[in-house]
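Some notes on the structure that comes next.
All of the numbers you see were taken from the coordinates with simple rules; none came from a lab. Note that this is a predicted model, so its numbers are computed, not measured. All Cβ positions, even for glycine, are placed from backbone atoms using ideal geometry, and neighbour counts span all protein chains on display.
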Amino acid sequence: MDFKLFKEMLKRILLITFTAAVLACQAAPKPQQLVEGIPNIKPDEQQSLVCKEIVALIENYNYKKLTVNDSISSLILDKYIKALDPYRSYFLASDIKDFEQFRYTLDDAFRVGDLSAPFYIFNVYSKRYNETLNYAIAHIKDKYDFNQNDTYVFDRAKMPWVTSTSTLNEIWKKRVKYELINLKIAGTPEAKNLETLTKRYQNLKSQSSKLNNQDVFQMIMDAFTETIDPHTNYFNPAKAVQFNEDMARSFEGIGARLQLENDVLKISEIIPGGPAFKSKQLNSGDRIVAVAQATGDFEDIIGWRIDNSVAKIKGPKGTKVRLKIIPVGHDMSSKPIIVEMVREKIVMEDQSAKKEVKTIQSNGQSYKIGIISVPAFYADFKAANAGDPNYKSTTRDVKLLIDTLKNKDKVDAIVMDLRANGGGSLLEAIDLTGLFIDKGPVVQVKDLKGNIEVSSDEHPGVAWSGPFGVMVDRLSASASEIFAGAIQDYGRGVIIGTQTYGKGTVQSSIDLNKLINPSILQRLASLVQKGNPGSGLTIKGGKGDTPQLGQINLTMAKFYRVNGSSTQHKGVMPDITLPSFYPMDKIGEDTEPSALPWDEVQRSNFVPVANLSGVKPELIKLHDARMEKSLDYKFLIDGIAEMKKRDLETSVTLNETKLKAERDSLEAKSLEKTNKLRAARGLPAVKKGDKVKKGEDFDFFQDESLRVMADFIQLKK
């Protein structure tokens, strides 16, 4: 982001920071008295403060330059209710009528930090949620007639809200029946099905009971910020840590992936190279029942939320953690064993850039093509700022892969696979582009004042000058679109795939702790509730506990291609278009009601590497000729049409015979298509339930992209 703008923002926010005297909520509309039996989760003082700060940030520094008013309040209410109950399966019409009292007051309440209304709504939701699950559990063992010709409406999003509890119960009884039919069709015994479904619903209740005010506050802020624009987001302290770890592709801990199973923390995977892997003391399937630090007593974590448990296990590298383990295969009543290990920095290699080499035969010629898959534009900024010469980043990883592909594998072309790459670091998108162009502008950024800054690759030379292609799809967004757009504008390579997502806005990550007056933080520290293990709300150090307020990713700018066009709304249009497996009318910036519009700025002063306008029509012609004969293409088009048809369905039959016949028919058609495709590739037919052997899986989109590159090589010659 623009650091001058950030300094100006910092000064202004510090000036308007609320004093400790107004931490208590000012007068604002209050909800009705809570009804008996509704769980009473309440907001705390620091959430009130964060809410006020977010309103101030949005009104003063969001790119849209808007005021949080009654209209925004109405949209927040609708979005919040929809997020809680998207298919209208819990709330009653009377609840929705009750919530109307808040339609035009949330803006005033949020401005003074009053969160009582949305917390009240959540508590009503929680009550309804538990009532419906209790009813469902109580009726699992009822006698059901699976030969009736009734139906279950699973998608009630466009239907009226249910007016009575008895009607809602009937809906849930049909849901229970539907789930029992599904289990029955799978071939398991009735007693086992009843046990499975009972455990499923009890687990849902158990997870619901673990929700705390941080979870509720996160949902409220999601509804608020997404009403402003799709990419202004608040992250509570735990989610802020997760976001930054994802960006860095690293974390500090023992190197094990964890999951919750029946309220017990289980190790699902040991990450190669981490302390758990090197110590050989832990295995997948082991259960962790208690945690202690280097000194101090063990804390029993059975029944804890997974994020609270993980917060205890993770910690700074070089520190010790002790775990009580029930080894895999041992009964939970077994005596736990104690293991101790030193935490280290764990690099998530499986989420980093990777390479592979494939050979394509075309017109009697053989071509080796390197494929670099980039899942995100990541960078470990913390390590970089600390001077670590080996800090992790997309550009550094890709540069090493290119060197290997060029010097060892001797490839004829390279394809960058950015499918499902949702973006990440803007700086990485610029630096990565610099591996393929010899200096020059990469992206233009317009801030909320209308100032335009051109960001350029300043490093001379290129890592790869040969034939180059970029694979994109509807989920390629943000930094992916900057990179693909720059490659297209410079004529540096061919873009293959579908129209991209269309996210052309720039977010700045703001640590809310840095905006709050220290005296207010100190007051909050005295109010932090003790005895909330692993909540992630506070950090130790200095005088007492310092409350952690989380961060906001605030939309403060838009970016534009060097040709002057924004990627916002429109995205990047590929040179060679492939069908989109993702529904274009449901996924993408142009489907978001609060998204910023498309516009243009003046073209940058850049010099294209090549003019591909003469080559592209020939590539399209060769591609179209292949598609006319391609069985994969035909089946893909048929599959997309079938998916669109099924997507319109909102109900399902509860007649076991009919439902089984429908499922069998779909499976038979799918198996028939699979075997036709396998026959075309010279592979043996498979039967129902067979797993595809290693090396027999086929990626149509990748295969066609490689064939386009083979055409490109030949046309360039």
Taking residue 514 as the anchor, which aspartates and glutamates have their alpha carbon closer than 18 Å to its alpha carbon, excluding any fewer than eight residues away along the same chain? 2, 8, 45, 53, 545
Which of 225, 74, 466 sits closest to the plus end of the dipole of the chain, meaning its Cα is farthest towards the positive end, when Lys and Arg get +1 and Asp and Glu get -1 on the C-beta? 466
Which whole-number value in Å³ per residue fits the convex hull of the alpha carbons of the chain? 192
Among 158/687; 410/687; 97/205; 358/688; 410/634; 239/645, which pairs are too far apart, with a Cα-Cα distance over 32 Å? 158/687; 410/687; 410/634; 239/645
Show me 503-513, 484-494, 91-101, 638-648 ranked by packing, highest mean number of other Cβ atoms within 10 Å first. 484-494, 503-513, 91-101, 638-648
In a shell of Cβ-Cβ distance under 11 Å around residue 409, excluding residue 409 itself, what net charge do Lys and Arg (+1) and Asp and Glu (-1) give? +3
Rounded, prolate or oblate (a/c below 1.5 giving rounded, otherwise prolate when a/b exceeds b/c) for segment 553-623 by Cα gyration tensor: oblate
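Just from its helices, what would the mean residue ellipticity at 222 nm be for the chain, if runs of 4 or more DSSP H residues each count -39500 (n - 2.57) and the sum is divided by every residue, rounded to the nearest 500 deg cm²/dmol?
When only DSSP H runs of four or more count, the value is -12500 deg cm²/dmol.
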With label points set 7 Å from each Cα along the Cα-to-Cβ direction at residue 453 and residue 359, the distance between them in nm comes to 5.0
Could you point to the residue in 288, 277, 325 farthest towards the positive end of segment 250-347's charge dipole, with +1 and -1 charges on the Cβ of Lys/Arg and Asp/Glu respectively? 277
Roughly speaking, what is the stretch gain from residue 409 to residue 330, that is 0.36 nm per residue apart minus the C-alpha to C-alpha distance, in nm to one decimal? 23.7 nm
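In segment 191-290, which trypsin sites (Lys or Arg not before Pro) fall in coil by DSSP and have 14 or fewer other Cβ atoms within 10 Å? The partial results should precede the final answer.
Values: sites: 192, 199, 200, 205, 210, 239, 249, 257, 266, 278, 280, 287; in loops: 210, 249, 280.
Passing sites in segment 191-290 are 280.
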Hey, can you rank 169-178, 561-570 by average C-beta count inside 10 Å, highest first? 561-570, 169-178
FRET efficiency (residue 582, residue 513; Cβ distance; R0 35 Å; to 0.05) is 0.40
How much length is gained if the chain between residue 190 and residue 715 is pulled fully straight, taking 0.36 nm per residue apart and subtracting their Cα-Cα distance, in nm to one decimal? 182.6 nm
Gyration tensor on Cα atoms of segment 196-258, a ≥ b ≥ c root eigenvalues, a/c under 1.5 rounded, else prolate if a/b beats b/c, else oblate, says oblate
Taking θ = phi - 60°, what integer Hz values does the Karplus form 6.51 cos²θ - 1.76 cosθ + 1.60 yield along segment 291-297, in sequence order, with x for Gly and Pro? 9, 9, 8, 4, 10, x, 7
Over 27 Å (Cα to Cα) - which of 280/320; 669/691; 127/324; 52/314; 503/629 fall in this group: 127/324; 52/314; 503/629
So for the chain, averaging the separation of alpha carbon pairs under 8 Å that are six or more residues apart and normalising by length, what relative contact order in percent results? 13
At R0 = 41 Å the Cβ-Cβ FRET efficiency linking residue 212 and residue 283, nearest 0.05, sits at 0.85
